[in-house]
Amino acid sequence: MSILRATRRDAKAFTLVELLVVIAIVALMAALLLPALANAKHSAARTRCASNLRQLSLAAQLYWDEHDNISFPYLGSTTNGGDVWWFGWLERWNGANEGFRGFNPSAGPLQPYLQGPGVELCPSFDYAFASLKLKASGASWGYGYNRHLATNNIGTLRQPSDTIVFADAAQVNDFQFPASVTHPMIEEFFYVSTNSGEATAHFRHGHLANAAFADGHIDRQSPQPGSLDARLPDRWIGRLRPESLRVP
């Protein structure tokens, strides 16, 4: 009986070599699966971002339909110690309230045409980044409006399929505390333009930016060559093609 029990016990045991083989196989499988899982995560975030931009684009189309094709202003009225921008009311910076400013998105001209909150933030914008600087007391808005379209007649566009309305946006800030020249930080930004000195498009989807065009379609855009902001080169903040932003 003792010999039989010993034989059964030995049959159930793993040798050291077998254990190492199993560990090696598991490690190999993990090495193969992790990149695929990461790619799937990035793809899902990019798709969600495109969906956000599609809803913003639809809201813009509805606004234009009700306002004789005149696009909404970039900056509207001043009230209650702040300004009504295209994306909502934002308390004005006073030198000490950066990162704690009041924010109310319901004041924005597109809000009546949106299906509730949730489309304003891109899932690929890293709100956990160590050098992130917020304007308001929380995340506010992750997309930029083509500033050249503001108050213009959309019906006069010669190529609406090549004219960007919204795009992924961000900015490098080195002039408002807690940012400084020696400690530049990334922040949300609210417009894109052809201005050569302003890098405000954010190429956060595998070095590409999602953009919504005036005809309603969504596409990914590459940065204009040489436009990436060297202060935070790993954040991929630059400029879009100027021809995709200009308005006749």
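A few comments on the model shown:
- Counting only Cβ charges, +1 for Lys and Arg and -1 for Asp and Glu, the dipole size of the chain around its Cα centre is about 1040 debye.
- Separation of segment 62-111 and segment 219-248, taken as the distance between their Cα centroids, equals 25 angstrom.
- Within segment 68-164, the percentage of alpha carbon pairs spaced more than 17 angstrom apart rounds to 60%.
- FRET E, pair ALA24, SER51, Förster distance 35 Å, beta-carbon r, rounded to 0.05: 0.25
- Amide hydrogen neighbours beyond the local backbone of GLN224, cut-off 5 Å, H modeled: ARG239, LEU240, ARG241
- Protection proxy ranking for 67-73, 236-242, using the average of other Cβ atoms within 10 Å per residue and placing the highest first: 236-242, 67-73.
- Sequence-distant residues sharing a close amide H with VAL165 (under 5 Å, placed H): ALA212, PHE213, ALA214
- Residue-by-residue Karplus 3J(HN,Hα) for segment 229-236, coefficients 6.51, -1.76, 1.60, Hz, glycine and proline x: 6, 6, 6, 9, x, 7, 8, 6
- Hydrodynamic analysis of the chain uses the Kirkwood radius over alpha carbon pairs. Inserted into Stokes-Einstein at 4 °C and 1.567 mPa s, it gives a translational diffusion coefficient of 63 µm²/s.
- Karplus-derived 3J(HN,Hα), 6.51/-1.76/1.60, for each residue of segment 161-176, Hz, glycine and proline x: 6, 10, 10, 6, 9, 10, 7, 3, 9, 6, 8, 8, 10, 10, 10, 10
- Filtered trypsin sites (Lys or Arg not before Pro), segment 104-188: DSSP coil and at most 12 other beta carbons within 10 Å: ARG158
- Coil-residue chymotrypsin sites (Phe, Trp or Tyr not before Pro) of segment 89-197, DSSP, other Cβ within 10 Å capped at 15: TRP93, PHE100, TYR127, PHE129, PHE175
- Within the accessible surface of segment 55-176, defined with a 1.4 Å probe on protein heavy atoms only, the carbon and sulfur portion equals 50 percent.
The values are calculated or read from the model by the stated rules, or taken from the named source; none is laboratory data. As the structure is a prediction and not an experimental result, all values here were calculated from the model. When we count neighbours, we look across all protein chains shown, and the Cβ atoms used for this are built from the backbone with ideal geometry, even at glycine. Accessible surface is based on the protein model in full, side chains and every heavy atom, while ligands, DNA and RNA are left aside. Shrake-Rupley method; radii C 1.70, N 1.55, O 1.52, S 1.80 Å.
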